[in-house]
Ligand code: ATP
């Protein structure tokens, strides 16, 4: 392999820049050319490429977002779109790809590899931590720190006014952010999609915490939680049933995806980028590089896409005990 292309696709996450930097520098280390592909698969279709050398990625290890930009590409879902992308890669001499993104991006990589036999390695970049084959996705640790910092601030105002706050955090299908940040920030209750607590149990738990002398409470709710249709309906329900509470809602939203990556995410990105390039140079393809038991490990892309990440039941138990 003489030239590797790198792209970021799907939702962005902190640490993607550090991963781009790592891929570019690992290529330089092994004397392989590296081409940055802008705006994910859409840029591949449009031939939006740029040669990258070790100096073109200076000063980005600390930056959130992605200098290569990210996109969702409908055109890449079509055979015609992928044919255009392949022509552009061929013309640019790109012989292998590193795809930094979530499971949708990995699915695109698999489909493309099946059709055109271009070797691909995936790096998991999403704050949700919902990808099988890695204990941590890029950006997850940073997002946890962001959420904890914000909840600490909300707690200050909650306790000044004896309020109950519902704080909605990201996680459409996975409660990893809610569960970990909830424990870290000392939430009274954590509502996650994997566990249907039920409205009655939520009320019971709030009543208990009131009786135990707590005057304010924080409930962390994952976006995808199933017990209420949305966090505002939860608020209405609790207000109707517990009029003594002054209930507020805070939806954290996209701020969770931004910010300077944590040291953990920077180190992880650096390790995964190097391993991705080394794997391609060893002739491997269709794998995701991830972290398993603190070691960098490869998981077949297919498993990474289809496998289900489980919520840690020990954490659920710890959270229950903490809210006594
Ligand atoms: P996030 O977890 O943040 O949503 P993601 O990588 O899962 O990130 P998606 O929007 O699902 O984000 O996928 C990114 C892109 O991957 C899509 O816009 C599309 O171009 C490509 N892609 C996804 N699925 C397929 C598929 N079945 N065939 C071809 N391309 C696909």
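The values are calculated or read from the model by the stated rules, or taken from the named source; none is laboratory data. Everything numeric in this text was worked out from a predicted model, so none of it was measured. Note that each Cβ is placed from the backbone with ideal geometry, even for glycine, and that neighbours are counted across all protein chains shown.
From the residues in the range 18-45 that are assigned to a helix (DSSP H, G or I) and within 16 Å of the ligand (Cβ to nearest atom), which one is nearest to residue 267 (Cα to Cα)? Out of the qualifying residues, it is 19. If you go through the range 157-184 and keep only what is modelled with pLDDT under 90 and either more than 21 Å from residue 314 (Cβ to Cβ) or crowded, with 24+ Cβ neighbours inside 10 Å (or both), you end up with 157, 158, 159, 160, 161, 162, 163, 171, 172, 174. What do you reckon, is residue 74 surrounded by fewer than 16 Cβ atoms within 10 Å (Cβ to Cβ), more than 14 Å from the ligand (Cβ to nearest atom) and modelled with pLDDT of 95 or more? So residue 74 fails the test. Between 290, 259, the distinction of being assigned to a loop (DSSP other than H, G, I, E, B) and crowded, with 17+ Cβ neighbours inside 10 Å belongs to 259 only. Tell me the residue from 122, 81, 101 that is in contact with a strand residue (DSSP E or B) (Cβ under 7 Å, 6 or more places away or on another chain) and more than 15 Å from residue 302 (Cβ to Cβ), please. Matching residue, one of 122, 81, 101: 101. Listed by first and then second residue, the pairs with beta-carbon distance under 8 Å, at least 6 apart or on different chains, first residue in the range 85-105 and under 12 Å from residue 125 (Cα atoms), second surrounded by fewer than 18 Cβ atoms within 10 Å (Cβ to Cβ), are 104/72. Of the residues that sit in the range 126-136 and are in contact (Cβ under 8 Å) with a residue 60 or more places away in the chain and near the ligand (Cβ under 9 Å from one of its atoms), which one is farthest from residue 104 (Cα to Cα)? Looking at residues that are in contact (Cβ under 8 Å) with a residue 60 or more places away in the chain and near the ligand (Cβ under 9 Å from one of its atoms), I get 127. Considering only residues that are at positive phi and buried (at least 18 other Cβ atoms within 10 Å of the Cβ), which ones fall in the range 262-287? Matches in the range 262-287: 286 only.
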